[in-house]
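Before any comments, here is the structure.
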Amino acid sequence: MQIYIEKDYDALSHRAAEHIAARIREKRPFVLGCATGGTPQGLYRELARMVRSGLLDFNTLSTVNLDEYCGIDENHPQSYRFFMRQHFFLPAGIDFRNSHFPACDARSCAAFEKKITELGGIDLQILGLGKNGHIGFNEPGSLRSSRTRIVTLSLETREDNARFFETKGDVPHSAATMGIATILDAREIVLLASGEHKARAVFQMIRGAVHEAVPASFLQEHPRVLVFLDAAASKEL
Ligand code: F6R
């Protein structure tokens, strides 16, 4: 793993955006794996800014998203489709027709895996990190061999994500997510983590044993992972 420690959130977002933009300029068409949540918002802002300044274009870009909640539709403000439109696709002028999400039935999960293969695989997958070491919605206990499937969210994850909903009870109980094996098939992985509350999970991901108890630890087995941290998230390293 290559670790980059920046002084704060803005600096890590900027650095990661520079890296991803360089990759997208190198290879066309490009398949970008996207994450949602709080952490990548600064990165998406930077990439959209580069597009508006003419430094980057997404004309031959396809996107695949890591996950989507079950039980809320795409117009719900907390659905990940809505998030992506608001934070990335609209500001960066990305054509929605080239964007793909997993959905909450077994047939759609299999179709999503097939779509990734048809696109030629994921060139670069963006990841955030859960406080409990999850990546995508692969909670502790997820298998190294797991593929896109429907999962039950842990209480901790539902509590962490309650900040985006009106009440805790509104947070969905399940989601469709890429599996660990799906993520590890990406040619390159860029993981972002910010804030002291992520420091323990960052330590376990990088220095801990490779084990299902910390799904992010499986990233140690991937040949090309770049981890962008701010100082607070790197505190336990
Ligand atoms: C989001 C996702 C999750 C988040 C993680 C961290 O698509 O798959 O694994 O990356 O829960 O979330 P934030 O960035 O909100 O702390």
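Laboratory data are not the source of any read-out in this text; all were calculated from the coordinates shown. None of the values given here were measured: they were computed from a predicted structure. Note that we place each Cβ from the backbone using ideal geometry, even for glycine, and neighbour counts take in every protein chain shown.
For segment 151-177, a tally of residues being touching a strand residue (DSSP E or B) at 6+ places or on another chain (Cβ under 8 Å), surrounded by fewer than 18 Cβ atoms within 10 Å (Cβ to Cβ) and either within 29 Å of SER234 (Cα to Cα) or hydroxyl-bearing (Ser, Thr, Tyr) (or both) returns 2.
When segment 16-52 is filtered for residues that are farther than 18 Å from GLY195 by Cα and in contact with a Gly (Cβ under 7 Å, 6 or more places away or on another chain), the ones remaining, listed by number, are VAL31, VAL51.
Against the condition more than 16 Å from the ligand (Cβ to nearest atom), out of contact with any Leu (no Cβ under 9 Å at 6 or more places or on another chain), in contact (Cβ under 8 Å) with a residue 24 or more places away in the chain and charged (D, E, K, R), how does ARG15 come out, does it pass? Judged against the criteria, ARG15 is a match. Considered as a group, the residues in segment 21-39 that are part of a strand (DSSP E or B), closer than 20 Å to GLY179 by Cα and of a type in the set (A, V, I, L, M, F, W, C) include one that is farthest from the ligand (Cβ to nearest atom), and that residue is VAL31.
Checking each residue in segment 1-20 for being part of a loop (DSSP other than H, G, I, E, B) and within 15 Å of LEU124 (Cα to Cα) picks out only MET1.
On inspection, ILE122 qualifies as part of a loop (DSSP other than H, G, I, E, B), among the aliphatic types (A, V, I, L, M) and in contact with an Asp or Glu (Cβ under 8 Å, 6 or more places away or on another chain). When only residues in segment 40-52 that are closer than 21 Å to ILE135 by Cβ and in a helix (DSSP H, G or I) count, which is farthest from the ligand (Cβ to nearest atom)? Ranking the candidates gives LEU47 first. Residue pairs whose Cβ atoms lie under 7 Å apart, sitting 6 or more positions apart in sequence or on different chains, and linking a residue in segment 59-78 that is under 21 Å from ALA162 (Cβ atoms) and of a type in the set (Phe, Trp, Tyr) to a partner that is outside any loop (DSSP other than H, G, I, E, B) and within 12 Å of the ligand (Cβ to nearest atom), are TYR69/TYR80; TYR69/ALA175. GLU166: at negative phi, part of a helix (DSSP H, G or I) and free of Cβ contacts under 8 Å to residues at least 24 places away in the same chain, yes or no? The answer is no for GLU166. For segment 56-69, a tally of residues being outside any strand (DSSP E or B) and either away from the ligand (no atom under 14 Å from the Cβ) or among the aromatic types (Phe, Trp, Tyr) (or both) returns 5. Tell me, which residue of segment 178-224 that is assigned to a helix (DSSP H, G or I) and basic (Lys, Arg) is surrounded by the fewest Cβ atoms within 10 Å (Cβ to Cβ)? Out of the qualifying residues, it is ARG207. Cβ-Cβ contacts under 8 Å between residues 6 or more apart (or on different chains), taken from a first residue in segment 192-211 that is over 17 Å from LEU226 (Cα atoms) and within 12 Å of the ligand (Cβ to nearest atom) to a second residue that is not in a helix (DSSP H, G or I) and not aromatic (Phe, Trp, Tyr), are listed as GLY195/ASP230; HIS197/LYS131. Checked against the criterion of being more than 11 Å from the ligand (Cβ to nearest atom), more than 17 Å from the chain's Cα centre (by Cα) and surrounded by 16 or more Cβ atoms within 10 Å (Cβ to Cβ), segment 122-131 contains not a single residue that satisfies it.
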